[in-house]
Amino acid sequence: MSEQYFSDDPQSKSDPQKWTYELLGHSLTFTSDVGVFSKNKVDFGSRVLIEAFVPPETKGPILDLGCGYGPIGLSLAKAYPDRELILGDINRRAVDLARRNAEENQLTNVKVFLSDQFESLPDQEFAVVLINPPIRAGKKTVYEMFEGAHRQLTTSGELWVVIQKKQGAPSALNKIASIFREVDVVDKKKGYFVIRGKK
């Protein structure tokens, strides 16, 4: 069976790819690799989430959970230099790449952690948790991420999720609505839903 991007320590032979991409009006350079989600480009779902996101006035750091090589968290760090961005992923290769990409783009408001969901992240409350969920890891894992986000968010904090309709957006919307005080669909593009839950 081929290795999944949510493996904790990919053993597949490294073949890094580097490219430059414009997000939120800023040119960013990324390196990705085999064994990491979307190795050749910024995936469409992440772009939809990045473009739809509006940071709340709620104080506190923003978390990119399951950050991969970092396109969501790093583009927001560049666009909102006054906000602290925390990036976390279970995949060691992805975490190394996210750190490298933060350095490459001279982002000083970013910290990257190797963590299985919230397990090894700083013990603090977040203003926002953003998730482009690892659908192939299964519904149980994805829903655990939503539940963990609710626990770690500050009062009035927000969960932002991007998910395709065919990959379970309607059921994800119902799940988030069962946990959060207020839920809305912020954007829809080519079958992708951007869902926001407010605590």
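Every number in this text was worked out from the coordinates using simple rules, so none of it is lab data. Nothing here was measured: the structure is a model prediction, and the numbers come from that model. We place every Cβ from the backbone using ideal geometry, glycine too, and count neighbours over all the protein chains shown.
So the values come out like this:
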{"quantity": "Per-residue [θ]222 nm for the chain (sum of -39500 (n - 2.57) over DSSP H runs n ≥ 4, rounded to 500)", "calculated": "-8500 deg cm²/dmol"}
{"quantity": "Entry for log10 I(q)/I(0) by the Debye sum over Cα atoms at q = 0.09, 0.11, 0.16 Å⁻¹ (calculated from the structure that is shown) out of (1) -0.33, -0.51, -1.13; (2) -0.29, -0.44, -0.99; (3) -0.53, -0.72, -1.00", "calculated": "(2)"}
{"quantity": "Percentage relative contact order, segment 17-198, counting C-alpha pairs under 8 Å, at least six apart", "calculated": "19 percent"}
{"quantity": "Selection from F37, I62, A98, by position along the positive dipole direction of the chain (Cβ)", "calculated": "F37"}
{"quantity": "Contact order normalised by residue count of segment 115-199, Cα under 8 Å, 6+ apart, percent", "calculated": "30 percent"}
{"quantity": "Residues of segment 157-197 with amide N under 12 Å of a point placed 7 Å along Cα→Cβ from E125", "calculated": "157-158"}
{"quantity": "Across K18/K139; K139/K188; K165/K199; K41/K189; K111/K190; K111/K166, pairs whose alpha-carbon gap is larger than 29 Å", "calculated": "K18/K139; K111/K190; K111/K166"}
{"quantity": "Bridge type composition, the chain - antiparallel percent by DSSP, nearest 5", "calculated": "55 percent"}
{"quantity": "Of A77, A149, A137, the one that fluctuates the most in a GNM where the chain has Cα springs shorter than 10 Å", "calculated": "A137"}
